[in-house]
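Structure first, commentary second.
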Amino acid sequence: MAKRNKKNIKDIQAALLSNTDFLNKEETIEQEEIQENIIEEDVLEKFKALAEYENTEAKELINKALNHYLKLKGLQLELALKAKKQ
């Protein structure tokens, strides 16, 4: 029988962590590209202007706006989530 080279926990952790930065960067870039493509240019400019006026970030303002929209559509959202589970 061939002797197996046993790996200890530190070897496994080092192997996993060695690729973590690469994977996280790739996911972040992909998410940013998607967000930029979804929001129309003129709407994004309006959010940026309003965010600057309110001394906040556009991303935070967009998330607040989306949360407000989902609250307004609460009943439909509940039905959509129930339908998705079935």
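Extension gain, LYS71-LYS10: 0.36 nm per intervening residue step, less the Cα-Cα distance, totals 17.3 nm. Among 40-50, 66-76, the peptide with the highest mean count of other Cβ atoms within 10 Å heads the list, and the full ranking is 40-50, 66-76. Computed from label points 7 Å out along Cα-Cβ, the spacing between LYS64 and ILE39 is 1.3 nm.
Bear in mind that the values in this text are calculations on the coordinates, not laboratory data. Keep in mind that this is a model prediction, so the values were computed, not measured. Every residue, glycine as well, gets a Cβ built from its backbone with ideal geometry; the counts of neighbours run over all protein chains shown.
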